[in-house]
Amino acid sequence: MSITAIRGFNDILPEEAELWRRIEEESVNVFASYGFSEIKAPIVERTELFLRSIGETTDIVEKEMYTFLDRNGDSLTLRPEGTAPVVRAYIEHRLYECPVTKLYYAGPMFRYERPQKGRYRQFYQIGAEVLGDASPKADAETLEMLMRLFETIGLKGAVLQINSLGCPGCRPAYKELLYAFLLERKESLCVNCIRRMDTNPLRALDCKNPGCIEATKDAPPIAESLCADCAGHFRAVQSTLGRLGIEASINKRMVRGLDYYTKTTFEITASGLGAQNAVAAGGRYDGLVSGLGGPETPCFGFAMGIERVALLLKENGFLKRRPLSVFIAMGDEAELKGVELLREWRKKGIRIVEDFSEGSLKSRMKRADRIRARYALILGTDELRHGEITVKDMTTAGQERLKWEIVADRISSAEGY
Ligand code: HAM
């Protein structure tokens, strides 16, 4: 019996991988223009890091982490998200000595969730974190950057929803209010929400259980319980977004699945993804750095799911691959000349492979079609004599004879390059 991949852990095949790489490249370009630098943290961390950051009564920590003991008996966890590792590295390497640090990362995350379209157990995020900036402008500008990225890569119909979760000053009073509300509806709540009701009542607003959704429909919105500082911050984020021309709607129920958030939180959704419609999400986490033993450091960040972005771009038909050409030499002499020509064309950025099969031209053209080549470059005896090559466009079946020197320019100026 052959061995297959584990459910929820996907192979990313070449075409998809190229799309991902281009998403990453565009992200890096956009992030760099806003002053972000890359950080690479390990994919395994001490379990305690996630308990203390994401929160012990979140779904991620309670049900979704890949946690194991290593040979030394230490409890380790495959990172379920990228913010806590970045913050750990920020503290450990004293990056806070710089007043504002802007970091981005890309890589796999692991959550034991039920796999479905757009939801996997190993998934990839590209994320960015601004550490050391308390200003609402940092929230708005980072959101503007993310929306710009979506525009650049051609992701259509992204909808931004925002909320504010307050701060340790105003949240306790809200929690009490929500607790009293939930207590009256306890019979309709699921066992999980009842269990977490006094420690973390906000989780009930995020529960996917239909009974809990119905019971919390009229729950008091947190945004109406904010202290003056949080309310002012939220207003300033909205007005700055307005100035930047970014539309955002307020989603009063959005509490997010991680406990480290304070003040602004957000989600960007897009249709075409089914139930898993969040392409990116994040928010402010002003207490996380100090909570993990670093200095008081206000932060804002986000992560987007590459699989979901790729799914949408594929559905839009955007970001097509750079076309492939196939070189077909007729005869030994043409083959020898081909070695030189291919070297030159590749130097000029042409993506080209050689067809090494023998057979007739017809069967070789069929092979070119099977590997989905856009151009077939045929070098026969006559072409060889004239320093030319026949370039056949496999999509239109049109062909022309071109001098060797202009082939690369002609192909790279064609559509899609
Ligand atoms: P998150 O909302 O848990 O936030 O994940 C961010 C994004 O990762 C989601 O919007 C989604 O696109 C993608 N994602 C999450 N889980 C899965 C999954 N199982 N399969 C596929 N894609 C998934 C965070 O992780 C925070 N660290 C974001 C952040 C950064 N907040 C502040 N800074």
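The values are calculated or read from the model by the stated rules, or taken from the named source; none is laboratory data. Only a predicted model underlies this, so the values are computations on that prediction, with no experimental measurement involved. For neighbour counting, all protein chains shown are included, and Cβ atoms are generated from backbone atoms with ideal geometry for every residue, glycine included. The protein model used for the area step is the full one, side chains on, heavy atoms only, and it has no ligands, DNA or RNA in it. Shrake-Rupley method; radii C 1.70, N 1.55, O 1.52, S 1.80 Å.
Summary of values
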{"item": "Contour excess over end-to-end distance, with Cα ends at ALA32 and LEU244 and 0.36 nm allotted per residue", "result": "74.4 nm"}
{"item": "Whole-percent carbon and sulfur share, accessible surface of the chain, 1.4 Å", "result": "51 percent"}
{"item": "Residue-span extension gain [ASP229 to ILE371] - 0.36 nm each, minus C-alpha spacing", "result": "45.1 nm"}
{"item": "Beta bridge orientation in the chain: antiparallel %, DSSP, nearest 5", "result": "80 percent"}
{"item": "Cα-projected label distance for THR67 with ILE12, points at 7 Å along beta-carbon direction, nm", "result": "2.8 nm"}
{"item": "Listed residues LEU311, LEU78, LEU342, most fluctuating in the chain (Gaussian network, C-alpha, under 10 Å)", "result": "LEU342"}
{"item": "Burial order of peptide ranges 41-48, 234-241 (average beta-carbon count within 10 Å, highest first)", "result": "234-241, 41-48"}
{"item": "Highest average packing first - 157-163, 8-14, Cβ atoms within 10 Å", "result": "157-163, 8-14"}
{"item": "Cβ-Cβ FRET estimate between ALA236 and ALA180, R0 fixed at 41 Å, reported to 0.05", "result": "0.85"}
{"item": "Total formal charge among the other residues, if their Cβ is under 14 angstrom from that of ARG88, Lys/Arg +1 and Asp/Glu -1", "result": "0"}
{"item": "Mean Cβ neighbour count within 10 Å, used as a protection proxy, ranking 29-37, 196-204, 135-143 highest first", "result": "135-143, 196-204, 29-37"}
{"item": "Straight-distance crosslink candidates among lysines, where the alpha carbon sits under 29 Å from LYS366 and sequence neighbours closer than 8 are dropped", "result": "LYS314, LYS320, LYS337, LYS347, LYS348, LYS392, LYS403"}
{"item": "Theoretical FRET efficiency, 1/(1+(r/R0)^6), r = Cβ-Cβ of VAL353 and ILE406, R0 22 Å, to 0.05", "result": "0.60"}
{"item": "Computed over segment 325-412: relative contact order in percent, which uses C-alpha pairs under 8 Å that are six or more apart", "result": "32 percent"}
{"item": "Low-density loop positions, GluC sites (Glu not before Pro), segment 306-378 - DSSP coil, at most 10 other Cβ in 10 Å", "result": "GLU358"}
{"item": "Straight-distance crosslink candidates among lysines, where the alpha carbon sits under 22 Å from LYS40 and sequence neighbours closer than 8 are dropped", "result": "LYS102"}
{"item": "Square roots of five times the Cα gyration tensor eigenvalues for segment 1-146, Å", "result": "28, 22, 14"}
{"item": "Scattering curve values for segment 79-124, log₁₀ I(q)/I(0), Debye with Cα scatterers, q = 0.28 Å⁻¹", "result": "-1.01"}
{"item": "Distance between modelled label sites at GLU92 and SER271, nm, 7 Å Cα→Cβ extension", "result": "4.5 nm"}
{"item": "At 0.692 mPa s and 37 °C, Stokes diffusion of segment 325-412 via Kirkwood alpha-carbon radius, µm² per second", "result": "257 µm²/s"}
{"item": "For the chain, cysteines whose Cβ has no other cysteine Cβ within reach (under 4.7 Å)", "result": "CYS98, CYS167, CYS190, CYS193, CYS230, CYS299"}
{"item": "The chain, helix-only ellipticity at 222 nm - DSSP H runs n ≥ 4, -39,500 (n - 2.57), divided by all residues, nearest 500", "result": "-11000 deg cm²/dmol"}
{"item": "Rounded accessible area per residue of segment 325-412, 1.4 Å, Å²", "result": "59 Å²"}
{"item": "Cβ-based charge dipole, the chain, positive-most Cα from ALA180, CYS299, TYR104", "result": "ALA180"}
{"item": "Cβ-defined net charge surrounding LYS175, 13 Å radius [Lys, Arg +1; Asp, Glu -1]", "result": "0"}
{"item": "The chain, relative contact order in percent, only Cα pairs under 8 angstrom and at least six apart counted", "result": "16 percent"}
{"item": "Nearest-20 debye value, segment 325-412 charge dipole, Cβ charges on Lys, Arg, Asp, Glu", "result": "460 debye"}
{"item": "The chain - charge dipole about Cα centre, Lys and Arg +1 at Cβ, Asp and Glu -1, debye rounded to 20", "result": "680 debye"}
{"item": "Stokes-Einstein D in µm²/s, Kirkwood radius over Cα pairs - segment 155-298 at 4 °C with 1.567 mPa s viscosity", "result": "80 µm²/s"}
{"item": "Residues listed by number, segment 209-247, amide nitrogen under 17 Å from ILE194 label point at 7 Å toward C-beta", "result": "209-216"}
{"item": "Relative intensity, log₁₀ I(q)/I(0), of the chain from a Debye sum that treats every alpha carbon as a point, q = 0.07 Å⁻¹", "result": "-0.45"}
